[in-house]
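Here the structure comes first, spelled out in structure tokens, and everything after it is commentary.
The values are calculated or read from the model by the stated rules, or taken from the named source; none is laboratory data. Please read all numbers here as calculations on a predicted model, not as lab measurements. Cβ atoms come from the backbone with ideal geometry, glycine included; neighbour counts cover every protein chain shown. For accessibility, only protein heavy atoms count, side chains too; no ligands or nucleic acids. Shrake-Rupley method; radii C 1.70, N 1.55, O 1.52, S 1.80 Å.
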Amino acid sequence: MKLKLDLHPIFNDAERIETALAEIIEKALTMRADEVEVIPGKGSGALKKGVLRYLDKPQVRQKYHRIEKDSDNWGRLFIHFKHDRSQNSKADQRQVIARGTATCMCCSANFSCELPDIPEPFRRDLLCPACDTPLQIRGTCDRAGKWHLDVYLNY
Ligand SMILES: [Zn+2]
């Protein structure tokens with residue numbers, strides 16, 4: 001599968017370009033696309049340089065396999081991805097993480113909370129998704145493998 005990112009509409013907004021690039025890379029990873037075609041457009045050498053600079057950042061660089069520059073001077077760039085099967089099955093497993101239900105101490109809203117893979121007590125700080133109150137969830141797992149979640153105010 002191939003994705004396309006046309007930078008023409010946002011060519012003069014460096015911040016939006018970086019956001020657009022970050023989004024398309026994430027999308028390619030999620031959808032397991034082989035290739036993203038980036039179209040900076042004709043006569044936009046500076047823009048293309050900016051795109052390359054962004055793609056060269058170490059934290060971005062590790063997400064894709066390689067960059068291919070168009071042989072003619074039209075200005076297209078291709079970002080190639082390699083999707084490792086074993087990595088993918090790990091990612092699939094991560095999507096079926098168990099969740100428990102916790103109740104906000106402040107507004108009594110119920111919300112779901114990710115549970116760890118290992119049955120060891122954990123604490124997690126978060127904001128109530130309903131009222132934004134800082135909460136701490138303390139979870140313990142009993143011998144039957146059932147999680148018990150206690151919620152505390154975390155001021
Ligand atoms: Zn709340």
Among the residues of the stretch 94-108, what is the count of those that are open to solvent by 30 Å² or more (accessible area, probe 1.4 Å) and either in a loop (DSSP other than H, G, I, E, B) or touching a residue at least 40 places away in the same chain (Cβ under 8 Å) (or both)?
10
Within the stretch 109-129, of all residues that are in contact with a Pro (Cβ under 9 Å, 6 or more places away or on another chain), within 13 Å of the ligand (Cβ to nearest atom) and assigned to a strand (DSSP E or B), the one farthest from ALA98 (Cα to Cα) is LEU127
Do the conditions hold for ALA109, that is, is it of a type in the set (A, V, I, L, M, F, W, C) and under 22 Å from the mean Cα position of the chain (by Cα)?
no
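State all residues of the stretch 108-122 that are within 11 Å of VAL151 (Cβ to Cβ) and not small (Gly, Ala, Ser); if no residue qualifies, say none.
Of all residues in the stretch 108-122, those within 11 Å of VAL151 (Cβ to Cβ) come to 108-111, 113.
Result: ASN110, PHE111, CYS113.
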Output the residues belonging to the stretch 130-155 that are surrounded by 11 or more Cβ atoms within 10 Å (Cβ to Cβ) and either assigned to a loop (DSSP other than H, G, I, E, B) or among the polar types (S, T, N, Q) (or both).
ALA130, CYS131, ASP132, THR133, GLN136, THR140, ASN154
Select, from ASP13, ASP6, the only residue that is at pLDDT below 95, in the same structural domain as GLY75 (by TED's automatic domain parsing) and open to solvent by 70 Å² or more (accessible area, probe 1.4 Å).
ASP6
